[in-house]
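Have a look at the structure below, then the notes.
Since every read-out is calculated from the coordinates, none of them should be taken as a lab result. None of the values given here were measured: they were computed from a predicted structure. Because the Cβ atoms are built from the backbone with ideal geometry, glycine has one as well, and the counts that use them run over all protein chains shown.
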Number of protein chains: 4
Amino acid sequence: MNTTSSATARVFSSDNVAGTSPEIIEAMARAASGPALPYGADDSTAAVRRRLSDLFEREVDVLLVSTGSAANALSLAALTPPWGSVLCHRDSHINNDECGAPEFYTAGAKLVPLGGDDAKIDPRELRAAVRHKAGDVHSVEPSVVGVTQATETGAVYSLDELGTLGGITEEAGLRLHMDGARFAGAVASLGRTPAELTWRAGVDLLSFGATKNGTMTADAIVVFDRSLTPELSFRAKRAGQLAAKMRFQAAQLDAYLTDDLWLRNASHANAMAARLQEGLKAIPEVGLLGATDVNILFCRLPQQVTEGLLADGYAFYHDRWEPGVVRFVTSFATTPEDVDDLLRAVVRHAARPTVSV
Amino acid sequence: MNTTSSATARVFSSDNVAGTSPEIIEAMARAASGPALPYGADDSTAAVRRRLSDLFEREVDVLLVSTGSAANALSLAALTPPWGSVLCHRDSHINNDECGAPEFYTAGAKLVPLGGDDAKIDPRELRAAVRHKAGDVHSVEPSVVGVTQATETGAVYSLDELGTLGGITEEAGLRLHMDGARFAGAVASLGRTPAELTWRAGVDLLSFGATKNGTMTADAIVVFDRSLTPELSFRAKRAGQLAAKMRFQAAQLDAYLTDDLWLRNASHANAMAARLQEGLKAIPEVGLLGATDVNILFCRLPQQVTEGLLADGYAFYHDRWEPGVVRFVTSFATTPEDVDDLLRAVVRHAARPTVSV
Amino acid sequence: MNTTSSATARVFSSDNVAGTSPEIIEAMARAASGPALPYGADDSTAAVRRRLSDLFEREVDVLLVSTGSAANALSLAALTPPWGSVLCHRDSHINNDECGAPEFYTAGAKLVPLGGDDAKIDPRELRAAVRHKAGDVHSVEPSVVGVTQATETGAVYSLDELGTLGGITEEAGLRLHMDGARFAGAVASLGRTPAELTWRAGVDLLSFGATKNGTMTADAIVVFDRSLTPELSFRAKRAGQLAAKMRFQAAQLDAYLTDDLWLRNASHANAMAARLQEGLKAIPEVGLLGATDVNILFCRLPQQVTEGLLADGYAFYHDRWEPGVVRFVTSFATTPEDVDDLLRAVVRHAARPTVSV
Amino acid sequence: MNTTSSATARVFSSDNVAGTSPEIIEAMARAASGPALPYGADDSTAAVRRRLSDLFEREVDVLLVSTGSAANALSLAALTPPWGSVLCHRDSHINNDECGAPEFYTAGAKLVPLGGDDAKIDPRELRAAVRHKAGDVHSVEPSVVGVTQATETGAVYSLDELGTLGGITEEAGLRLHMDGARFAGAVASLGRTPAELTWRAGVDLLSFGATKNGTMTADAIVVFDRSLTPELSFRAKRAGQLAAKMRFQAAQLDAYLTDDLWLRNASHANAMAARLQEGLKAIPEVGLLGATDVNILFCRLPQQVTEGLLADGYAFYHDRWEPGVVRFVTSFATTPEDVDDLLRAVVRHAARPTVSV
C-alpha cells in the first residue's frame, strides 16, 4: 500500500489500516526517556486504571494487551472451563477470525455458533442454548456468552437488547463477555454511558478495543468481576502478554482516554460512515444493507461500480460475503473529502453505460 | 518509580526499566500517519525482513511479537511435539521466569533442567539428556535444546562452546532454539557475526530480543529453518501475537537495525558493565562473581553497602539468589557518570565503620 | 436397571446396555493366568494386529483403547494441528457427545459442523468447507474430514457416497477419519468389504468400534497410514490409554475377530432392527423416520403409546430430538421374542381409546 | 513372553506382567449377561462406591478409569490450574513414566522435581518449594503436592512422614494427591487403616491402584474432597475415560474389594519380596539396596549372576539405574517356589568361578 495522499484517501478496507492519533504519538514520545518500573508497575499503567475506573463509574482492574484477539481469548479463558462452551454469534470475530485463539487459550472449550440479524445474537436462540445439555457430562457445559458491541456488521445492541441477553445469561448462571473491539463506536452511537453498556448489563469482562480507533498496539481487558484478576494476571504472563516496558502500552491508552479522544475519534468515524450512507442512499443503483450504527457499511454495488472503484485505486472488501456485496469501513482518519470523493466516484461509475458482451 | 534525574541514574535493577532510543521514537512518529496494510503486509515489516536477512547473511523469515516470552514460547512450540522435552539450563528464563509460557504454547511439553556454570549448559549433561529414553513411549521425547545467548547471569557461549552444543543437538536429531533476549550484547561481546552465532552453529529459530536493548514493545523471531514459517504464522495469530497495525512494531525494529543502533546500544551497555566491574575490582570489600561478558554483573557486597545503596535510592536485586549476592544491570541508557556515582557510593558505604550491636 | 429377565428384554435405549458375548468372556478367562508382557508387547495384541491386517487386506497398525471417544479423539489429534478444523456432521458423536474430547486431544482444534440428511455429510457442504479460508492465518485451517459409518441415526454411507466424500477430501489435501463405533453394522448392512469401506475410500484412521457390538471395554484404532503410528503411540500413552495389562483388551478383540463373531453380532442386531421396522410399518399409528440401515430406528409414536411402553417398563429415548420422536436401538443380545413383544405392546397401546380431558 | 509354567515362574520384571485373580474373572463372567445402565449408572459401580466409602470410613466419590496414568493425570488436573506446579519426587512415576500425561491433562502445569531418599520427598525440600515464588506471576504457582505410596523403589511413607508432608502442604494452602498405584501394598506393609493413610493425612484425591495387584484394566480415583467430583466427571468424559459398559470395570473392583482380596493379594506380594530379601541377605555376593517395604526389591548383583539368570530365562530390569543394579518385583501371583528357585539360581551363579579374560 502506497502512502501517497490520494491512496491514503481511498482506503476503506478496514479501520486497522489507519495510523495513530497525534495525541498518542506525543504521549509515546513523552514516555520514551527515563526509567519506569516494568510489567505494569509503572505510573502510566496506574493512571490508565484510574481513568477506566472513572469512565466506568466503579473500581475496575485493567490488563493491557497487544491485540484484541489476546484480550478476547484471555477473557474467555477466565470465564469458561476447558469443558465449557462459549455461546456466540456465528459471524463473530471470536468464532471466525482469530484462528482458534479462544480454543487455544481456554484449553479446548467449544464455540457454539448462534444466529440473529445484523450479527446480533437472537435471544430465542440464546435461551435454548444456555440450557442445552447443561450438567450432562457427555456434552460441553454452557459457560459463557460472548457478545460483540458493536457487531462485525456495524450494528449495535440497544440497551434493551443487551439487557435481554444479560438477563438470560444471568438467570442461567453463565458469565458474560463483551468483545468491544469497536466499543467506542457503540458508545458514540448509542449515547449511553460505558457503565450502562457493560457491568450494569451484566458484563463480567470487556475487551476494550483501542487499536481500531486510534492507538497503535494497545488494547485492554477491563475487569468488572475483580475476583478474576489474579487468574487473568497469571494467564496473561503465560501467554506472553505481559509487556516488560508496559509504560509504552499504557501511554497509548492514557492519551486515548484523555480529553475524550476515544469518543471523539469514534464519533468522527461514525459520522463519516453516516455521511457515506446518506450519499449512497441517493444513488439508485446502490442498495444499502443492514444497520450502519457505527463505522461499517455494507451495500450492494453493480459490478461495474466495484470494478471502477478498484481501478481508481480504492481499497475495500467485495464479493466476500456474497457476490455484489461490498463493505466500506471508515476510521478516525477518514475525512469528509475522502467520503465525498468516494461518493462522486460511485456516481460516475454507476452512470457509465454497461457494455454488453 | 520517579523520573527525576537522580533517580533515573540510580536504577540498576534491570535493562527493562530503560525507555527507548530516540531513533526509535522518531521512527514511530514517522510511521504514525497514513494507511498501511495490516497484519505484517506493510512496507516496514518487509523492510525488517530484508534487514535481518542482510544481517544474518541469508534469507530469513521474521515474525514480530510483543514480548520475549512470546518469541520463546512460539519458537519452542514449533520445534517440539506436545510429548517432547525441551532441554535447557535450570536457570534459564524459559524454565523459571515465564510462568509456564513454553508449556502453554507447546500444549504441555516438558522442560528438562540441566546444570552448568554461568547458566551455560554443560555439554556432558546435554549429551546424556539427548538420548534419555529417546523413542520410549513411557517418557517424553527429547526434542529441542534451548540455549540462552547471553545467559541469565551475563555470560556468553563462545563460538566453540556453541559448536559443541550444536553438534550434540544435531547428531541426536534434535532442534536448536536460541533465546536471544540479550543477543545484541552477545554479538557485541564476542565480536563474531550474527550468522556465526546462530544458523552456522545449527540454530533453527532465534528469539531476537530488542526490548531490553532499546525498542519499546517489539521483539522478533528470526526463522532460519523457513519450513517452519507457515506453522509459526498460524501459531502467532492464534496466540494473539499478530498485531493488526504491525507497522508500529516494524518501525521499532527497522530503526533498531538501522546504522547499527542495535549494536551500538549493546556495546554501550556492555561497556558500562565493564566500567562498573573495573571499579568494583578495586574495592576490597566487594567480591565479583562469575563472568560479566555483557551488561549483567553479579557480586557479593557487605550488608552495610547494600543497605547504604538502598538508602541512597539505588534500585537493584539483592539477596534473591543467596544472602549477600547482588545483581547490577546496565543498559543503553546508563551513563559513565551513573556508574561512577554508583562506584563512589559503594566505596563510601564500604568505608563506614560497622556498628556492632 | 434391574436385571430380571423381563426387564432385560425391554431395554431398547442403546446398544451399550448389553453385556458381552460368551466367546469374549471365555477369552478373558483364558487370558487370566500366567505372565504376559505389558503395554501391548504380548502375544494377544500381536494376534489382533494380524487379524485386523487380514480383515482389511493390508498391513495395518492397531492401538487398543478403552473407549470409542478415546479412539476418535486420539485419531483426530494425529490428523489435525491445533489450528486446524475437523469437518463433520452437526449430529455427529464427536461434535455432540464427547464433552469436547476432540478439542482436548487436539489442543484446541475446531469442529466445523456440516449438514446433510440421515446424519450423513452433504457433499456440497463439504466441498465448500474444505476450501473455506484455507491458508488464511486468521482462520482455522481445514485439516480433516470426520465421517461416521454407520451414522448416529442408523444410516450408512454407500460406497459411492463414501467415494464422493473421500474424493473431495483427497483433492483438497485433507485427511479422512472414520468413526466406526458401529462399523460392523455398516459392513453387515452394505455387504462390502472392510477394505472397500475404509482405506480404499481414502480413510487414514478408523475408530474400530467393538464395545457396542459385543466386547466389554475394548475399542481399537486401525491405522492405515502407518506413518502416524509413532505419534499415536506417544499420544495414547500420554492420554492414559496405554493399558499395562493390554492382553485383557486384546483378548476381547481377538475373540471378537474370531470366526466372524463381530459380523455375526452386527448382522443379528441389524436383523432385529429390521424385524422391528417391518412390524412397525404395519401399525398405522406409527410413522417411521429416516433410514434404518443398521440397528437404530427412529419413529414417531402417539403419546399414549410412548407412555404405555414406559409404564410397561420399556426403556428407550423419546422426546429428545423433537416431541413424539422415539429411538429404538437393538443389539447382539436382542432376541426376536424381545422385538415381537415390543411390537405387540405398541399395537396394544395404539389401540387404547384416547381419553379426552 | 511364553506362558509355559517355567517361564511364568521366572518373571520378576514387574507386577504388571501378572494376570488377574480368579475372583475377578469370575465376577466378570457374572457381569457378562443382561442389560445394565451405561456410564457408571449401573449397580456394580454403585456397589464399588459403597465399598470404598466403607473402606475409607467416610463418604467418598469414585471414578473408575482404565489406567493408573489416567487416574493420576485426571486427579492432578483437578488440583492445579494450568499455571500451577506439581511438587513431586524426581523419581516419581508422574514425573518420569507417563510421557507427560500430567502436563497434557493439566493443560501445561509444571512438575517440579524434589529429592529425598527411597523416592520419598524430603520435607526440607518440600518446605522450600511450597513457598517458591508463590504469588509471582512470572513463575508457575505452587499448587499441589504429589506423593507416591508406596514409592517407585518399594519404600513406604510412615504415618509420621506423611503427616509432616501433609502439614507442610496444608499450611501453605496447597492440595495433596497420592499416587497409590501400590496403595494396597503400603496398607499391608504399614498396618494402618486406609483412612489414616489418606484423608486423615490431608489427601484430597487418591489414585487407588488395582491393576498391579490383581485386577485387569481397572483403577480408580477416590475423591475425598467431593466438591471436585463434577469437575472430575467432565474431565473424565472428555479424556475418553468414561466407559460405556462401566459395569465391567466396576465388577473388577467390586470383587477386588470383596473379602479383602485387595489386602490379601498385596500381603502375599509383600511376603514374597520379604522372602526374597531374606534369602538374598544370606548370599554374600549380593548387596541389598534401600527399603523393601512392599513388593519391590533393589539389589546389586555381580555381573555373572545377572547374566546367568538371564540365560536361565529370568526376566527383570538390570543396569537401568546404574551398572550392576537389579530390580526384582513380586506379585500376587508369585509363589514361594518361584522365589526359592530364583534364590537357588542366584547362589548357583554366584558360585561359578569368574572367567578372567
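Worth a mention:
- Hz values of 3J(HN,Hα) by residue in region B:13-20 - Karplus curve (6.51, -1.76, 1.60), Gly and Pro given as x: 6, 6, 7, 8, 8, 6, x, 9
- Residue B:127 paired with residue D:59, simple spin-label distance in nm, labels 7 Å along Cα-to-beta-carbon: 6.2
- Beta-bridge orientation, chain C: approximately 50 percent antiparallel, per DSSP, counting only bridges with both partners inside.
- Cα-based shape type of region C:1-130, given that a ≥ b ≥ c are square roots of the gyration tensor eigenvalues and the cut on a/c is 1.5: oblate
- Of all beta-carbon atoms in chain D, the one sitting closest to the axis that brings chain D onto chain A gives D:107, 2, with the distance in whole angstrom.
- Here residue C:46 yields copy-to-copy label distances, from shortest upward, of 4.6, 6.2, 7.2 nm, the label point defined as 7 Å from Cα along Cα to C-beta.
- Residue D:89 long-range amide H proximity, modeled H, under 5 Å: D:114
- Inter-label distance, nm, simple model (7 Å from Cα along the C-beta direction), residue A:281/residue A:90: 3.1
- Integer Hz, Karplus 6.51/-1.76/1.60 couplings in order for region A:281-291, x for Gly and Pro: 4, 7, 9, x, 6, 9, x, 6, 10, x, 7
- Above-threshold pairs, the threshold being 20 Å between Cα atoms, out of C:237/D:212; C:245/D:212; A:110/C:237; A:212/B:245; A:212/C:133; C:110/C:133: A:110/C:237; A:212/C:133
- Think of it as helices only: each DSSP H run of n ≥ 4 in chain D is worth -39500 (n - 2.57), and spread over all residues that comes to -12000 deg cm²/dmol at 222 nm.
- In region C:256-356, trypsin sites (Lys or Arg not before Pro) in a DSSP loop with at most 12 other beta-carbon atoms within 10 Å: C:320
- Rounded to whole Hz, the Karplus (6.51, -1.76, 1.60) HN-Hα couplings of region B:99-104, x for glycine and proline: 6, x, 4, x, 5, 5
- Between copies, the label points of residue C:229, set 7 Å from Cα on the Cα→Cβ line, lie 3.6, 4.4, 5.6 nm apart, reported in increasing order to one decimal in nanometres.
- Nonlocal amide H pairs with residue B:99, under 5 Å, H built at 1.01 Å: D:139, D:140
- Less than 5 angstrom separates the built amide H of residue C:67 from those of C:219, all sequence-distant by 5 or more or on a different chain.
- Exposure proxy for A:148, B:306: other Cβ atoms within 10 Å of each Cβ, ordered fewest to most, give B:306, A:148.
- Cα centroid separation - region A:37-95 against region B:295-341, whole Å: 36
- Separation of the residue B:304 and residue D:315 label points, Cα + 7 Å toward Cβ, nm: 7.2
- Between 0 and 90 degrees, the angle of helix D:159-171 with respect to the longest Cα principal axis of chain D falls at about 30 degrees.
- Gyration tensor verdict on chain B (Cα atoms; rounded if a/c is under 1.5, prolate if a/b is larger than b/c, oblate otherwise): oblate
- When only Cα pairs below 8 angstrom with a gap of at least 6 residues are kept, chain C shows a relative contact order of 23 percent.
- Among the trypsin sites (Lys or Arg not before Pro) within region B:135-208, not one is in coil by DSSP while having at most 10 neighbouring Cβ atoms inside 10 Å.
- Legend: mean number of C-beta atoms from other chains within 10 angstrom of residue C-beta atoms, peptide C:229-237, equals 5.
- Global form of the protein assembly as shown, assessed from the alpha-carbon gyration tensor, a/c cut-off 1.5: oblate
- Plainly put, the tip 7 Å out from Cα toward Cβ on residue D:57 is 5.9, 6.6, 7.5 nm from that tip on each other copy, the closest given first.
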